[in-house]
Amino acid sequence: MIDLKELILPKDNLIPLLRKLSKDARLVAPVKNDHGDTLFTAISDLDTTEIDLANQPQASLKPFFLPQQETLAHYQISGDTYQFTAPKAAEDTIFFGVRSCDLTALLYMDLIFSKPAKDTSYYDRRSHSLIITLGCNQPFANCFCEATNSGPYLEYGYGLQFIDLGDRYYVSAGRGKGADLLKKWGYFFCEVQEEDQRIRYQLFLEARGQFNRNIQLAHACHKLQKEEVPEEIWEQLAERCYDCGGCAYVCPTCTCFSVDDKPQSRDSGIRVRSWDACTSGGFTRMAGGHNPVDRSRHALKRRFLHKLKYDFASHGKASCTGCGRCVDICFGGVDITRFIDLLTRQENP
Amino acid sequence: MQDILTICNYCGCGCGVYLSVDNDQVVGSYPSKNHPISRGNLCSKGWQLHEFIHSDKRLSSPLLRKNGSLQEVSWDEALDFTAAALMTAKQQYGPDSIGVLSSAKCSNEENYLLQKLTRAGLGTNNIDHCARL
Amino acid sequence: MVGLATSFGSGAMTNSIAELEEADVLLITGSNTTETHPQIGRNILRAVDRGAKLLVIDPRRTDIARQAHIHLALRPGTDIALINAMMRVILDENLADDLFISMRTENFIQLRDYLHRLDLAELAAITEIDINTIREAACIYARSSKSVICYCLGVTQHTCGTDNVQAVANLAMLTGNVEKKHSGVDPLRGQNNVQGACDMAALPAVLPGYQSLEDMSIRARFEAVWQRPLPENAGKSLTEMTHAGKDGPIRAMFIMGENPALSDPHLHRVEETLEQLDFLAVSDIFLTATAKLAHVVFPAASFAEKGGTITNSERRVQLCRRAIPPIHDCRPDSEIIMELGRRMGCPGMDFDSDAEIMEEISLLTPIYGGMHYDRLAENHGLQWPCPDRSHPGTEFLHKYYFARGKGQFTITRHQEPYEKAAEKYPFTLVTGRGSYHHYHTATMTRNSRRLVREYPQAKLEIHKDDCRRLNIADGEMVELHSKRGIVRISAQITDRVKPGTVFSSFHFFEVPINQLTVSAMDPKSKCPEFKVCSAAIKKVNHD
């Protein structure tokens, strides 16, 4: 706690502060568009664009760091040449209004893309980013970050963390860039009073008590370390998985990708890296047609075990961040919370 | 990078889908959460909707059959040839010798225009599409 | 569509998709909904999780059938016998909605008398379903006042398709399950804009908005706006045009965005017809099997490269937005049509925008009267009928009265499919959209690596008992014969089909399964009988 700096930002100063920040970097924040969707959007004009902090951004930060489709190389067939595309020089970017779960997910991706070697394009983008989070005083409908230990407020990982105290934000700075920012723009802030700390603590306690869903995630993780999941559960889930891949695509910690060559004319094309999903049957099919995974029974097994068993074993923490994005979007209603319910209810009927 | 909301091109559900556009290339597609049909998710076809747009198999120029094979020609040549051929058929065999198939993949405006052209221009009601297939 | 239009006065889905989630009973017939209409399947399963009862009529044990409380696995082509049996049960159990029948329908007495003359046991025998199962399903459907029927091509693609639909409409009216929220009859439309193509009268016998070709005042209105006399006689249907054969009446064709040389029944005949035309022009985004036969091919812009509106299955007219300019030298179909129109001297082919075209549509088409672009942009579209600017659109149809006035009961009689399994062709071949990962003739989906990976080749579903008997291994290439042709296809051992029945899709041009199907069609709807034909399976010799 020694190098951690805490200050108060009056809400009136938010836009003036962001305006200063956006001079040196691209500013990305949740914006509600004309179609009623709240998306992380690059903001070019703070006077005409309203930042939406009331709704959960539809997508996490994943598309900014691991895009749905990323061009790795161009190829030209005449002369057998391959032309590798230097990853687009990453822009300095400040992400504002990021929720705790989404930053937690980014920290997990840092881990994934650092082993065995650092993924250049991911790390280029990552090292040019600064994340300003907003602690959640009121969880969204499907959230369960308390169960995954990734919110509603965070202890570390952020550049800055904002907590809404009504007419002012309680701002904590992380190490490095965040602390530098506070130093540079200190004149927008004022000192933290004892009252502010009391309110912040109270809000934190209240937030923790407001989750709609009680997900026994820790219990499920421990159970998975000790025993096998009954086969009926996998089959019951697989029967209702229609292979859209949506859960993996919206998940902020699902990082499966595949690399394809896409011809664009008779003699040229691009090599792309794009999102993939381990729930698909073809994901594990080998040359010759053999498939070690029987999708009809185990469609969701890899995904759930990876998140709740293997990652728990190797990092001591499940790689589900409780953002709730996969809940309610599953065509068959078999999202991770259904699995956890099936698994834990079975023991405590 | 720009995200444009449009409607999925596959089935009759009609999901609201964003196309991610980077430098005139469509590089992604994802659902609208607020849209009454897609409600935050797409089927596997919808999530891959961007894939066929820049396919190398897309037709790139009008083609006209010359000496038995299809050859690239200008728009004017293809359009003039087609208009003349349809008018010839109409004059020689009557309007009902011409058949037109419209498309359940095209827009309302395009379907409207094509049936208007068929009825008012060619003078026949011989127009249908694959509703039954 | 003809069937439902005769019974109700409109051939469209009566409900909204969102309503299905709140229904108490869902009767799904001839639709593999979770695969072919995933978002509708999603609502159905949500309803089930809420406690709704799911009844599925399908000869195959499809994914949705697996989720059903009762799966009525009927013999292909016996839908009418099954629905008649259900209605007879409803009469016997006194579950008919007498008040609804007397207030809102006509022709009931004739139907009732007909049903009373039928023998329930005989009907059950025709369908090969246990009589008690039918009874139970009928009671579940009739006891709820929030019962919805969804049907798709499994009902319409028969020689008796129109009657099948009318049987379904009878069942709904008999129990009063129409004309209100959470109950209705919903034909699920296949292609993204099949509803709109019908609404816009890309049909041989109606004008836009299903207006009559014969009504003099309507004709006068169109002739005033179009500045041309309208042709009088109804035109030819798609299959009449593409199956005319040599020396048919059609000499020249213009085909926009359709691929009849792969999707139509009895393909040899389609090819023969198209090849002998004096002139064929095709507009498409790919060089399809049909385009390869053409004299002129126009490179069309894809959906991402143009605007316009499309109408989904629940009658929702939605705005598409142009994401990128047309690639290469492609042009939107609207431009191609107008260019041709101008060259042929057709007046009114000079619109500056899609919005301007919609203004003319609104002017001439009462159900689209209030579909203005600014409104469509604001509301995620509007559902027709929407007669004027102030109208909010219509969530469900036939409130207060049917579109045709009173709902019409029609007597429907079972008839055997056109072609019967016989000694030489002992299997019943059913075709359809077989894969979640592909669409129709797969011209678009096969350009996605991911979709191809998940479903790389055509498969013939054969029951495991039949495979054992014929000594066929999973993945083995077999020959499938019918009187009309032969294809080679990979066998898939399954329990999705019943013994004696085989299923395949028509997605793959390498396996043109429609070379085998019959071109017999429903006399009223002109819908071909894709669902039933007779076939034989032969092992391929590898010597």
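The values are calculated or read from the model by the stated rules, or taken from the named source; none is laboratory data. Nothing here was measured: the structure is a model prediction, and the numbers come from that model. Note that each Cβ is placed from the backbone with ideal geometry, even for glycine, and that neighbours are counted across all protein chains shown.
Things worth noting here:
- Scanning region C:250-296 for residues that are at the interface with chain B (Cβ under 9 Å from one of its Cβ atoms), modelled with pLDDT under 95, farther than 18 Å from B:ARG58 by Cα and under 27 Å from the mean Cα position of the chain (by Cα) yields a total of 5.
- Annotation: of all residues in region C:352-387 being touching a strand residue (DSSP E or B) at 6+ places or on another chain (Cβ under 6 Å) and farther than 14 Å from C:GLY196 by Cα, the one that is nearest to the other protein chains (Cβ to nearest Cβ) is C:ALA377.
- Here C:SER504 meets the list (1) within 22 Å of the chain's Cα centre (by Cα); (2) more than 13 Å from chain B (Cβ to nearest Cβ); (3) at pLDDT below 85 almost entirely, failing just condition (3).
- Inside region C:314-337, residues that are facing another protein chain (nearest Cβ under 7 Å) and over 23 Å from B:LEU49 (Cα atoms) make up a count of 1.
- Filtered residues of region C:217-241 (kept if under 30 Å from C:GLU272 (Cβ atoms) and assigned to a helix (DSSP H, G or I)): C:LEU238, C:THR239, C:GLU240, C:MET241
- Which numbered condition B:LEU49 fails, given (1) free of Cβ contacts under 8 Å to residues at least 40 places away in the same chain; (2) more than 7 Å from chain C (Cβ to nearest Cβ): (1)
- Of residues in region A:23-38 being more than 14 Å from chain B (Cβ to nearest Cβ) and in contact with a strand residue (DSSP E or B) (Cβ under 7 Å, 6 or more places away or on another chain), the one farthest from B:ARG39 (Cα to Cα): A:ALA25
- Pairs are defined by a Cβ separation below 8 Å, a sequence spacing of at least 6 or placement on different chains, a first member in region C:116-136 that is hydroxyl-bearing (Ser, Thr, Tyr), and a second member that is not in a loop (DSSP other than H, G, I, E, B); the pairs so defined are C:THR127/C:LEU72; C:THR127/C:ALA81; C:THR127/C:LEU82; C:THR127/C:ALA85; C:THR127/C:ILE134; C:THR133/C:ILE70; C:THR133/C:LEU72.
- For C:ALA224: the one exception among (1) more than 9 Å from chain B (Cβ to nearest Cβ); (2) closer than 28 Å to C:ARG342 by Cβ; (3) under 28 Å from the mean Cα position of the chain (by Cα): (3)
- The residue pairs whose first member lies in region A:253-277 and is without any contact (Cβ under 8 Å) to a residue 24 or more places away in the chain and crowded, with 19+ Cβ neighbours inside 10 Å, whose second member is among the acidic types (Asp, Glu) and in a loop (DSSP other than H, G, I, E, B), and whose beta carbons are closer than 6 Å, counting only pairs six or more residues apart or on different chains, do not exist in this structure.
- Qualifying position, being surrounded by 14 or more Cβ atoms within 10 Å (Cβ to Cβ) and over 17 Å from A:LEU21 (Cα atoms), among A:ARG198, A:ARG168: A:ARG168
- Any hit, region C:338-351, residues being free of Cβ contacts under 8 Å to residues at least 12 places away in the same chain, more than 7 Å from chain B (Cβ to nearest Cβ) and not polar (S, T, N, Q): yes
- For region B:4-19, the set of residues classified as facing another protein chain (nearest Cβ under 7 Å) and either in a strand (DSSP E or B) or of a type outside the set (Gly, Ala, Ser) (or both) consists of B:ILE4, B:LEU5, B:THR6, B:ILE7, B:CYS8, B:ASN9, B:TYR10, B:CYS11, B:CYS13, B:CYS15, B:GLY16, B:LEU19, listed by residue number.
- Enumeration of residues in region C:119-157 that are touching a Lys or Arg at 6+ places or on another chain (Cβ under 6 Å) and not in a helix (DSSP H, G or I): C:GLU128, C:GLN157
- Selection of region C:90-111 for residues being buried (at least 18 other Cβ atoms within 10 Å of the Cβ) and assigned to a helix (DSSP H, G or I) yields C:ILE90, C:PHE100, C:ILE101, C:ARG104, C:PHE108, C:LEU111.
- Taken over region C:1-25, residues that are more than 13 Å from chain B (Cβ to nearest Cβ) and over 16 Å from C:SER313 (Cα atoms) amount to 8.
- With respect to (1) more than 7 Å from chain C (Cβ to nearest Cβ); (2) touching a Leu at 6+ places or on another chain (Cβ under 7 Å); (3) crowded, with 23+ Cβ neighbours inside 10 Å, the lone exception for B:HIS129 is condition (1).
- Criterion violated by C:GLY307 - all others in (1) in a helix (DSSP H, G or I); (2) more than 7 Å from chain B (Cβ to nearest Cβ) satisfied: (1)
- Scanning region C:325-348 for residues that are in a loop (DSSP other than H, G, I, E, B), surrounded by fewer than 20 Cβ atoms within 10 Å (Cβ to Cβ) and of a type outside the set (Gly, Ala, Ser) yields C:PRO325, C:PRO326, C:HIS328, C:ASP329, C:MET344, C:PRO347.
- Screening region B:60-105 for residues that are among the hydrophobic types (A, V, I, L, M, F, W, C) and within 21 Å of C:ASN233 (Cα to Cα) and picking the one that is surrounded by the most Cβ atoms within 10 Å (Cβ to Cβ) gives B:VAL100.
- Check on B:SER29, within 7 Å of another protein chain (Cβ to nearest Cβ), under 30 Å from C:ARG316 (Cβ atoms), crowded, with 19+ Cβ neighbours inside 10 Å and of a type in the set (Ser, Thr, Tyr): no
- Among the candidates C:ALA197, C:ALA234, residue that is modelled with pLDDT of 90 or more, within 7 Å of chain B (Cβ to nearest Cβ), crowded, with 24+ Cβ neighbours inside 10 Å and at negative phi: C:ALA197
- Residues that are surrounded by 19 or more Cβ atoms within 10 Å (Cβ to Cβ) and part of a loop (DSSP other than H, G, I, E, B) occur at least once in region A:89-99.
- Tally, over region C:27-58, of residues that are in contact with a Ser or Thr (Cβ under 6 Å, 6 or more places away or on another chain) and surrounded by fewer than 24 Cβ atoms within 10 Å (Cβ to Cβ): 0
Here's the yes/no breakdown for (1) assigned to a loop (DSSP other than H, G, I, E, B); (2) within 12 Å of chain C (Cβ to nearest Cβ):
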| site | (1), (2) |
| --- | --- |
| A:THR253 | yes, no |
| A:ASP260 | no, yes |
| A:ARG266 | yes, no |
| A:ILE270 | no, no |
| A:SER274 | no, yes |
| A:THR279 | yes, yes |
| A:GLY288 | yes, yes |
| A:ASN291 | yes, yes |
| A:ARG297 | no, no |
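- B:SER61 vs. criteria among the small types (Gly, Ala, Ser), more than 8 Å from chain C (Cβ to nearest Cβ) and touching a residue at least 12 places away in the same chain (Cβ under 8 Å): no
- Candidate set: region A:118-165, residues that are of a type in the set (Ser, Thr, Tyr) and over 30 Å from A:VAL272 (Cβ atoms); chosen: the one surrounded by the fewest Cβ atoms within 10 Å (Cβ to Cβ): A:TYR156
- Remark: pairs (first residue in region C:443-470, acidic (Asp, Glu); second residue assigned to a helix (DSSP H, G or I); Cβ separation under 8 Å; 6+ apart in sequence or on different chains) = C:GLU454/A:GLY281; C:GLU454/A:GLY282; C:GLU454/B:SER44.
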